[in-house]
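The values are calculated or read from the model by the stated rules, or taken from the named source; none is laboratory data. Just so we're clear, the structure is a prediction, and the values are computed from it rather than from any experiment. FYI the Cβ positions are ideal-geometry reconstructions off the backbone, even for glycines, and counts take in every protein chain you see. Ligands, DNA and RNA are excluded from the accessible area calculation, which covers all protein heavy atoms including side chains. Shrake-Rupley method; radii C 1.70, N 1.55, O 1.52, S 1.80 Å.
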Amino acid sequence: KKAGGAEQYNADQRYSKAVVVAAEACAEDMKGQTCYICTQALHWKTKEGLVRGCSCRGTAGFAHVSCLAEQAKILVKEAVENNLDHKAKQMRWDRWSTCSLCEQDYHSVVACALGWACWKTYVGLPETNTARQLAMGQLGNGLHQAEHNEDALSVRLADLSAMRRLGASESNILIAQGNLASSYQRLGRLEESSRMIRDVYSGSVQYYGEEHRESLREALNYANALHNLRRFEEANSLLRKTLPVARRVLTDSDEITLKIKLSLAHSLHDSPSATLDDFREAVTTLEDVERIARRVFGASHPFVEVSEQCLRNARATARARELNVSSLADELEAMTPGDA
């Protein structure tokens, strides 16, 4: 009771542990740096270390999780007090998940720590409060980023249940369903995930239209679900349909566009019926993805690391297939008509 109740106590404890994990994970790169918010290396009150889980480079973007959280809290409070419009409120709320300097999402354990920071800030509010509802979604996303998959599933189930009970908008319910499907997928519940993602994709197209960012995101998610079920032709068809739209609407450097390209290359590479031309296309696509992602996100970003690994695999497979084709051509050329 003195700590604010069971939910608040649990949130505070989990937040403290998540901050330690995030600071330890970033410690090697933090030597000699200071927080761009409070200008200190070690936080004056919490004594926590620095983190940087975005796409900032050089000496930019180093901060304490508690400073990032306080910054977001103040901005959201000002938006509410000044009765700003929805767009302005959303931009300020995004500080819970997006770096104000590079404008890219936080990832991995830093996103998880900020998820707990957000939840502990608003958990004491009534269930009907918008900030509390958004905070639950933020926590689920942070847990997902850090691959705490069972915890993420639990939070996302609770989030969707609360939305339905409180009469949330169709758009918010679609987002919550998509997040839940991603958790099912992470836990290997592929059929269940695929059915839900298919429905979310269909619902998003009907609600937003095919060219909306959310529809493009859900098309990508559905293609990934088809890939996991080894339905490669369906996945390739959907990705080839979606990619030109994403490039036109979101640009080539947008994260969703890059992920669509990565997914297409991955699907081409993994298909049992892949031809040499498919492998070559996969390599070319991944070279493009890796180059743009490195420029946009920085070399240490998880997406760049995944892109590099996929590119190495695709190049190795393409080389092996080219050698096999070349060897077979030599054998055929050496054969006499009687050999056939």
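With respect to (1) open to solvent by 50 Å² or more (accessible area, probe 1.4 Å); (2) of a type outside the set (Gly, Ala, Ser); (3) within 19 Å of Gly140 (Cα to Cα); (4) in contact with a strand residue (DSSP E or B) (Cβ under 8 Å, 6 or more places away or on another chain), the lone exception for Tyr106 is condition (1). Once segment 109-135 is narrowed to residues that are in a loop (DSSP other than H, G, I, E, B) and not hydrophobic (A, V, I, L, M, F, W, C), the residue that is most open to solvent (accessible area, probe 1.4 Å) is Thr128. If you check Val200, Val205, Val155 for being over 18 Å from Ala235 (Cβ atoms) and touching a helix residue (DSSP H, G or I) at 6+ places or on another chain (Cβ under 8 Å), only one passes: Val155.
Here's the yes/no breakdown for (1) of a type outside the set (Gly, Ala, Ser); (2) farther than 21 Å from Ser171 by Cα:
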residue: Gly203; (1), (2): no, no
residue: Gln206; (1), (2): yes, no
residue: His266; (1), (2): yes, yes
residue: His269; (1), (2): yes, yes
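For segment 1-33, the set of residues classified as touching a residue at least 12 places away in the same chain (Cβ under 8 Å), more than 29 Å from Glu255 (Cα to Cα) and open to solvent by less than 70 Å² (accessible area, probe 1.4 Å) consists of Gly4, Gly5, Gln8, Ala11, Asp12, listed by residue number. Against the condition at pLDDT 95 or above and of a type in the set (A, V, I, L, M), how does Leu139 come out, does it pass? Judged against the criteria, Leu139 is a match. In the set (1) surrounded by fewer than 23 Cβ atoms within 10 Å (Cβ to Cβ); (2) closer than 27 Å to Ala22 by Cβ, the condition left unmet by Gly203 is number (2).
Scanning segment 242-262 for residues that are in contact with a helix residue (DSSP H, G or I) (Cβ under 8 Å, 6 or more places away or on another chain), of a type outside the set (Val, Ile, Thr) and either buried (at least 19 other Cβ atoms within 10 Å of the Cβ) or assigned to a helix (DSSP H, G or I) (or both) returns Leu243, Ala246, Arg247, Leu250, Glu255, Leu258, Lys259, Lys261, Leu262. The one condition from (1) modelled with pLDDT of 95 or more; (2) more than 22 Å from Gln145 (Cβ to Cβ); (3) in a loop (DSSP other than H, G, I, E, B) that Thr59 does not meet is (1).
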